[in-house]
Amino acid sequence: MKDIIAFGGSNSSKSINKALAIHAASLLKDVDVTVLDLNDYKLPVFSIDLENESGIPENAQRFLNRLHSADAIVLSLAEHNGAYSTAFKNIFDWMSRIDGKLWHNTPMLLMATSPGKRGGKSVLEIAKSRFPFMGGNIVADFSLPSFYENFNDGKITDKTLQEELAAAVDILGNELKS
């Protein structure tokens with residue numbers, strides 16, 4: 001059975017991106033899904049001085065180990081001021097100090113959502129252009145606009161958007177079969 005890691009790039013206890021990642025991962029067939037929460041991997045703010053003084057924090061290595069053990073990654077990024085959330089950027093920076101190709105060429109469904117009509121497209125574009133340089137194998141992507149209007153009871157309520165997500169999930173599922 002394939003091991004899927006799903007997480008939201010946010011430390012909000014009510015993360016809409018984590019909810020989207022969980023929903024997307026639930027659409028995959030015959031897989032084991034592990035949901036990671038950035039709150040379970042607390043880290044000091046990245047600093048080269050801190051790294052030189054204390055080394056790499058254990059939680060950065062633990063998170064990276066979980067990513068490297070996965071057969072696929074389902075990640076939905078929160079957008080803060082048009083870019084990554086601080087919590088995601090921090091763990092991303094720490095992991096990159098351990099392994100510059102931190103995504104390990106693992107097939108990834110990359111997503112974003114927000115309460116706004118653009119659905120986190122700015123952060124999604126940043127990640128789509130950056131992740132491949134760091135071992136990112138983005139096989140599909142998806143943006144969910146207007147989260148609170150289009151997502152309820154753990155699923156997407158708009159039929160067209162749900163079909164778009166299902167198509168992206170199918171691409172990831174087919175990648176797992178090959």
Only Cα pairs within less than 10 Å get springs; with that Gaussian network setup on the chain, which residue of Lys14, Lys128, Lys42 has the largest fluctuation?
Lys14
To the nearest 10 degrees, how steep is helix 159-177 against the longest Cα principal axis of the chain, on a 0 to 90 scale?
60 degrees
In the Gaussian network model of the chain, springs joining C-alpha atoms below 10 Å, which of Gly82, Gly100, Gly55 carries the largest mean-square fluctuation?
Gly55
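Could you work out the Kirkwood radius for region 17-115, taking every pair of different alpha carbons, averaging 1/r and inverting it, reported in Å? List each step's numbers first, then the result.
Values: mean 1/r = 0.0689 Å⁻¹.
Taking the inverse mean of 1/r over all distinct Cα pairs, region 17-115 comes out at 14.5 Å.
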Over region 2-177, what is the relative contact order in whole percent, taking alpha-carbon pairs under 8 Å and six or more residues apart?
24 percent
What residue among Ser47, Leu36, Leu172 has its Cα farthest toward the positive end of the dipole of the chain, where the charges are +1 on Lys, Arg and -1 on Asp, Glu, each on the Cβ?
Leu172
What helix-only [θ] at 222 nm does the chain give? Using -39500 (n - 2.57) per DSSP H run of at least 4, over all residues, to the nearest 500, the answer is -13000 deg cm²/dmol
Once the Cα atoms of the chain are picked out, what are the Rg and Dmax in Å?
15.6, 52
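Among the DSSP beta bridges whose two residues both lie in region 45-178, what percent are antiparallel, rounded to the nearest 5? List each step's numbers first, then the result.
On the way: 4 of 16 bridges.
Of all bridge pairs located within region 45-178, approximately 25 percent are antiparallel.
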Would you give the gap between the C-alpha center of region 5-63 and the C-alpha center of region 104-143, rounded to a whole Å?
15 Å
Among Ile126, Ile91, Ile16, the residue with the largest mean-square fluctuation in a Gaussian network model of the chain built from Cα contacts under 10 Å is Ile126
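Taken together, the values in this text are just the output of simple stated rules run on the coordinates, not laboratory data. Because the structure is predicted, anything quoted here is derived from the model rather than measured. Note: ideal-geometry Cβ built from the backbone for every residue, glycine included; neighbour counts use all protein chains shown.
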